[in-house]
Amino acid sequence: MKNNIPRVRIGMIQSADEIHFGCDSTFTVFSLGGEKVATGLAGQNYTVGADHCKPSQIFYCVRLAIAITEAEKKRRQEELAQRGIATTAWRPGVVLSLGGGDMDNREYWMVTEPFADENAAREYARTYEPIGEAVVVKDIIRKSSGTLLFGQHRLENGLRIVADKAEALLQLHDVTVGIEFHWQHKRTQLIPGVLEINLNNAGHLQAINELDIESYLMSVNSSEMTKDNPIELLKAQTIAARSTILATMGKHHYDENFHICSDDHCQCYHGVGNISQASRQAAHDTLGENLLHDGRVCDARYAKICGGIMEDYRDIWDHREIPYLVPGSDGRENMTYPLRDEQQVKDYIDSSPDVWCNTQKYEIPSSLPYNTRELFRWKVSYEREELEALISRRLDENFGDLIDIIPGDRAPGGRLIYMDVVGSKRTLRVGKELMIRRALSESHLYSACFYIERAYDAAGKITHFHLIGAGWGHGVGLCQVGATVMAQQGFDYRAILAHYYKNSKLEKLY
């Protein structure tokens, strides 16, 4: 760590048989133990392969609850014990030395005993109540192993590529961007810092970019949005991203050799390609600033378009009260929420409220790579048979003929917490928000805030489902499009962050 600025490890390629790279300067290859193994030339392409690899030995368990304090952990375990469920407590996360003290983001996970296999764990998680609370987790009993091949050199388990010039850039080829989304494609990314190649749990190759967090953030703030966004938006995005990675290091990818991935699952990081003078300034002007609540760095979630009302963390993920991720109206005027019944949800979605993320009312930079006017409010239609096949495939479940989809409970801003898929053989309860979006799209439905209109044939059988919805993403925390409009309206980054992260404060940690 240089000047107390932490270094972070970003998963760039998570699984490959070969990894291809180059560098604009000469470089040195080291073993994972630090031994100098080989050198490389500038401007040439190189390949790393693997040989005799063995996957990790994994036990599959299910996480049923998360706690921050020892007292809360004890209470949650007692509650589960009363239901006849025995758990052990894991403590994922990291402790970092920042400035004058340590940052401890660790938390407690209440985890079941191992199941016979992954399928058994998934079935338990799927049927566990309340819906959406249980998550399959991996207990790594033995790490993967194998030999990496670089030219004539053979290295056990991994290698590190270090450019001979500090300002040099590595070219990492075939990086997948937009994993599982409709825009998924591969790119060559130009990256600073160190490139590490090692083995994932399946015994395949993965590529990790290790660099200082501030260089990382210069890319994230303009990869998540664009470099043409207002500077105050880029500052707010930088602080949200800095807080997010410090809060989640060692947890989102607890079972991997990196802290956070480079794609939408965590935070978009596209190397230096998107960096501009404005994105550099945003990182420089907010150096070390983080959002804190009760002495802990905030897990500052964000999404593209909330649709008008920010959601409550506990209705989207595990049922915990997170005081800085609470419902709110995304505008000057308060809106009526929570939306308590289906008619209220329909009226809300059919309206065009004066909120910051309403791009039917407010202009935003045209460089954004999607049509936000069609994502503030949207409609997706399916023939019944088409939707039946889609849900069955996405959930890997045979529920028979699709009879209907029944909305369940909703979050304050209208997003479904669960829905019931009614089939001729069985009814499936699907939740929470992300599982609903996955089930209803080949990639991900724009959001879980939608109502359903149905078309019927002469016999009264449903022939078409029309999903009419609002927003893009989970809707928790900062609304990126709303924050962009706020910046255009003259709000500075402090006001933007205060609007989206209630009960938090800004503090410079290094």
*First measure r as the distance between the Cβ atoms of D17 and D401, then evaluate 1/(1 + (r/R0)^6) with R0 = 45 Å and state the FRET efficiency to the nearest 0.05.*
0.65
_Once you compute Rg and the Kirkwood Rh from C-alpha atoms, what is the Rg to Rh ratio for the range 21-123?_
1.21
*Set the Förster radius R0 to 56 Å, insert the Cβ-Cβ distance between A495 and R122 as r into 1/(1 + (r/R0)^6), and round the FRET efficiency to 0.05.*
0.80
*Would you give the gap between the C-alpha center of the range 82-116 and the C-alpha center of the range 458-491, rounded to a whole Å?*
34
*Over the chain, what is the mean sequence separation of C-alpha contacts under 8 Å (at least six apart), divided by residue count, expressed as relative contact order in percent?*
16
*Would you kindly derive the ³J(HN,Hα) couplings of the range 161-172 from the backbone phi angles with the Karplus curve 6.51 cos²θ - 1.76 cosθ + 1.60 (θ = phi - 60°), listing them in order in whole Hz, with x for Gly and Pro?*
10, 10, 5, 6, 10, 4, 8, 5, 10, 9, 9, 9
*Taking 7 Å along the Cα-to-C-beta vector as the label spot, tell me the H466-E442 distance in nanometres, rounded to one decimal.*
2.3
*For C298, distant residues with modelled amide H under 5 Å away*: L291, L292, H293
*Considering only DSSP beta bridges whose two residues both sit in the range 301-476, what percent are antiparallel, to the nearest 5?*
95
*Given the Cα-Cα distance of D139 and H284 and 0.36 nm per residue of separation, how much length would full extension add, in nm?*
48.3 nm
*Multiply the residue gap between T69 and A166 by 0.36 nm, knock off their C-alpha separation, and tell me the result in nm, one decimal place.*
30.7 nm
*Multiply the residue separation of S381 and D255 by 0.36 nm, subtract the distance between their alpha-carbon atoms, and state the gained length in nm to one decimal.*
41.5 nm
*asked:* Using the Cα centre of the chain as the reference point, and only Cβ charges (+1 on K/R, -1 on D/E), how large is the resulting charge dipole? Debye, rounded to the nearest 20.
replied: 560
*What is the spread of the Cα atoms of the range 363-434 along each of their three principal axes, largest first, in whole Å?*
49, 28, 17
*Lysine pair number, Cα distance threshold 27 Å (strictly under), the range 301-476, separation 8 or more or different chains*: 12
*Cβ charges +1 (Lys, Arg) and -1 (Asp, Glu), total dipole of the range 57-142, debye*: 60
_Given an 8 Å cut-off on Cα distances and at least 6 residues of separation, report the relative contact order of the range 57-142 as a percent._
46
_Among C449, I462, M435, which residue has its Cα furthest toward the positive end of the charge dipole of the range 301-476, with +1 on Lys/Arg Cβ and -1 on Asp/Glu Cβ?_
M435
*Each residue of the range 439-450 in turn: what ³J(HN,Hα) in whole Hz from Karplus with 6.51, -1.76, 1.60 and θ = phi - 60°, glycine and Pro shown as x?*
5, 9, 7, 5, 10, 9, 4, 3, 7, 9, 9, 7
*Please report, in debye to the nearest 20, how large the charge dipole of the range 301-476 is about its Cα centre when each Lys and Arg carries +1 at its beta carbon and each Asp and Glu carries -1 there.*
280
*Relative to a virtual label point 7 Å from the Cα of R454 in the Cα→beta-carbon direction, which members of the range 413-445 show backbone nitrogen distances below 14 Å?*
420-424
*First measure r as the distance between the Cβ atoms of K186 and A389, then evaluate 1/(1 + (r/R0)^6) with R0 = 30 Å and state the FRET efficiency to the nearest 0.05.*
0.60
*Report the one residue of P327, P338, L387 whose Cα lies farthest in the direction of the positive end of the charge dipole of the range 301-476 (charges on C-beta: Lys and Arg +1, Asp and Glu -1; origin at the Cα centre).*
P327
*Helix-derived [θ] at 222 nm for the chain: sum -39500 (n - 2.57) over DSSP H runs of at least 4, divide by residue count, nearest 500?*
-6500 deg cm²/dmol
*asked:* Please list the three semi-axes, largest first and in whole Å, of the ellipsoid equivalent to the chain, using sqrt of 5 times the eigenvalues of its alpha carbon gyration tensor.
replied: 37, 29, 24
*Put a dot 7 Å past each Cα toward the Cβ at Q57 and A86; how far apart are the dots in nm?*
2.1
*Counting pairs of Cα atoms in the range 301-476, how many percent are more than 23 Å apart?*
40
*Stokes-Einstein D for the range 1-54, Kirkwood Rh over Cα pairs, 25 °C, 0.890 mPa s (µm²/s)*: 177
*Which whole-angstrom value gives the distance between the alpha carbon centres of the range 45-60 and the range 197-252?*
25
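Just so you know, all these numbers are worked out from the coordinates, no wet-lab data involved. The structure displayed is predicted, hence computed values, not measured ones. When we count neighbours, we look across all protein chains shown, and the Cβ atoms used for this are built from the backbone with ideal geometry, even at glycine.
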